[in-house]
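The values are calculated or read from the model by the stated rules, or taken from the named source; none is laboratory data. What you see is a predicted model, and the numbers here were worked out from it, not measured in a lab. Cβ coordinates were reconstructed from backbone atoms using ideal geometry, including for glycine residues, and neighbour counts include every protein chain displayed.
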Amino acid sequence: MSFLTNPNIAGTFPLFISLEARSLLQRLHRLGLLGAPFPCHWTGRAANGNTGCLAVVVAADRTLLLATSSIYLRGFGIAPGEVADEIATVSLGRMAQDYKQTRQGSVSAEAVRAILVQFLRSHDWSTCGGSLNVDLGFPLSFQQRDGRATWRVGALGDTPEVLIPAQRQDW
């Protein structure tokens, strides 16, 4: 977690705008509506300098709730990946609340896989965090061999496995 400082105010303040959304996701998990109490998220930096985040949580009916965010943020002393994660998590919280009431708004594993493949291909620095043991409906792994890093997005139905070179995994 990052901290925000202001030279005119003593102390530091946590940048944690997603607190309510994260609490909601935990409550919905305890109620059996979500498969995990925390989202799995991928953050990455695109060639244009924008930092993006893709956040996913499994719904009780085995479909997935998915939210994305994108922000250009540099020079503020806040990690852009953390900010993008916060924004996506807040959006995911809203989606989960709507899902709780309507059972609508979730997407299939096929849709998430296609979006994730596009995200990993379009972001040259990428990392994954949160609930990492989530069952997305398809295999996903990160491999590092001989100094080369690769995302492996497994086959799903008739769609073949995809290997995506990862440029860098740390921020």
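Right, residue 87: under 24 Å from residue 17 (Cβ atoms) and either more than 11 Å from the chain's Cα centre (by Cα) or surrounded by fewer than 16 Cβ atoms within 10 Å (Cβ to Cβ) (or both) or not? Steps first, please.
Values: under 24 Å from residue 17 (Cβ atoms): yes; either more than 11 Å from the chain's Cα centre (by Cα) or surrounded by fewer than 16 Cβ atoms within 10 Å (Cβ to Cβ) (or both): no.
So residue 87 fails the test.
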Residue 161 within 22 Å of residue 65 (Cα to Cα) and either surrounded by 15 or more Cβ atoms within 10 Å (Cβ to Cβ) or modelled with pLDDT of 95 or more (or both): no
Working only within segment 81-132, note down all residues that are outside any helix (DSSP H, G or I), within 18 Å of residue 63 (Cα to Cα), among the polar types (S, T, N, Q) and in contact (Cβ under 8 Å) with a residue 60 or more places away in the chain. 131
Matching residues, segment 65-80, being over 24 Å from residue 133 (Cβ atoms) and either under 9 Å from the mean Cα position of the chain (by Cα) or part of a strand (DSSP E or B) (or both): 70, 71
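Would it be correct to say that residue 139 is under 17 Å from the mean Cα position of the chain (by Cα), at pLDDT 90 or above, farther than 23 Å from residue 50 by Cβ and surrounded by fewer than 19 Cβ atoms within 10 Å (Cβ to Cβ)? Step through it out loud before you land on a result.
On the way: under 17 Å from the mean Cα position of the chain (by Cα): yes; at pLDDT 90 or above: yes; farther than 23 Å from residue 50 by Cβ: yes; surrounded by fewer than 19 Cβ atoms within 10 Å (Cβ to Cβ): yes.
So residue 139 passes the test.
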Could you please give the count of residues in segment 28-64 that are surrounded by 14 or more Cβ atoms within 10 Å (Cβ to Cβ) and not in a strand (DSSP E or B)? 11
I'd like the full set of residues that are modelled with pLDDT of 90 or more and of a type in the set (D, E, K, R), limited to segment 45-85. 45, 85
